[in-house]
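To start, the structure under review is shown below, and the notes come after it.
The values are calculated or read from the model by the stated rules, or taken from the named source; none is laboratory data. Keep in mind the model is a prediction, meaning the values are calculated, not measured. Here Cβ is always computed from backbone atoms with ideal geometry, including for glycine, and neighbour counts include all displayed protein chains. The area values use the complete protein model at the heavy-atom level, side chains included, leaving out ligands, DNA and RNA. Shrake-Rupley method; radii C 1.70, N 1.55, O 1.52, S 1.80 Å.
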Amino acid sequence: MLIRVGSRGSRLALTQAERAAARLRRPGIEIALVPITTAGDLDRTRPFGEIGSRGVFVKELEEALLAGRIDVAVHSAKDMTSTDAEGLAVGAYTAREDPRDALCGASELRPGMRIGTASVRRRAQLLALDPTLSIEPLRGNIDTRLRKRGERGLDAVVLAACGLDRLGLAAEIGHRFEPDELLPEAGQGALALQVRLGEEELVAAVDDGETRRRVEAERSCVALIGGGCLAPVAAHHDGTSLSALVADEDGAWVERRTGADPESLARELLAFVG
């Protein structure tokens, strides 16, 4: 049996696809990797909100699934929108790795630092921690953003720790932000294996139940708030409780709640911003 596994074509995405493929391989199963270029890969300059409303690193992979060109799409779960596309389902989440954000280029935040990130979630929380920081837009894959830090004279960049770990670049990390400092993106640290609805058995054997429990609570909360990667919204489940926040884009305020039920947390946060 041949399973065609699609992913973005970046070094990190292909590394993640190889890791997923290694879990899927078993006697009688052959895996073919299919790199697919997404809108987010093609446009490295404009903010995500100007490229498209649905996940800019996800849409083309979902279209390939629906068209039957691939059988499994491997996503960084944090890149997915908070609801699944019609006709598709996440058949498996692999065991979650480090969900934290990482500061590269410095071991701590200092007043007046110039920090690169394209994430409005990170921008809002960083400015809430220290309003004197200068947060500068920075797009590109991990290697590009690390290089641009030096080229542009930035003091640091903030990236997902798991991506650096997967590429063997952990030495670039000066500080890993605890969730009470920077609350991670919903799904950060997990890989999602997406399939056509009804074909979940293709990947069910590699599903990590605890990761699914946590990530689906996070995604559900963000979906109810109505956020996603374009809004300063975050949600993270630490295994015991779920934390979620909404924030002003410039960090003037951050409202955070912790509890057990995604719907209750979302309702409380919506009441605050409404």
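Residues checked against (1) among the small types (Gly, Ala, Ser); (2) open to solvent by 20 Å² or more (accessible area, probe 1.4 Å):
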| residue | (1), (2) |
| --- | --- |
| Leu88 | no, no |
| Arg100 | no, yes |
| Leu103 | no, no |
| Pro111 | no, yes |
| Thr117 | no, no |
| Arg123 | no, yes |
| Ser134 | yes, yes |
| Pro137 | no, yes |
| Asn141 | no, yes |
- Query: Among the residues of segment 69-86, how many are part of a helix (DSSP H, G or I) and crowded, with 23+ Cβ neighbours inside 10 Å?
  - Reply: 2
- Looking at this structure, is Arg149 open to solvent by 40 Å² or more (accessible area, probe 1.4 Å), in a helix (DSSP H, G or I) and under 29 Å from Asp84 (Cβ atoms)? no
- Of the residues Gly198, Gly187, which single one is more than 18 Å from the chain's Cα centre (by Cα), in a loop (DSSP other than H, G, I, E, B) and modelled with pLDDT of 95 or more? Gly198
- Query: Within segment 95-131, how many residues are of a type outside the set (A, V, I, L, M, F, W, C), more than 16 Å from Val246 (Cβ to Cβ) and in a loop (DSSP other than H, G, I, E, B)?
  - Reply: 14
- Condition test on Arg212, is it in contact (Cβ under 8 Å) with a residue 60 or more places away in the chain, at negative phi, charged (D, E, K, R) and in contact with a Leu (Cβ under 8 Å, 6 or more places away or on another chain)? no
- Is it true that Ala271 is part of a helix (DSSP H, G or I) and either within 15 Å of Leu183 (Cα to Cα) or not charged (D, E, K, R) (or both)? yes
- Task: Using the structure shown, decide if Glu263 is part of a loop (DSSP other than H, G, I, E, B) and either under 18 Å from the mean Cα position of the chain (by Cα) or exposed (fewer than 14 other Cβ atoms within 10 Å of the Cβ) (or both).
- Result: no
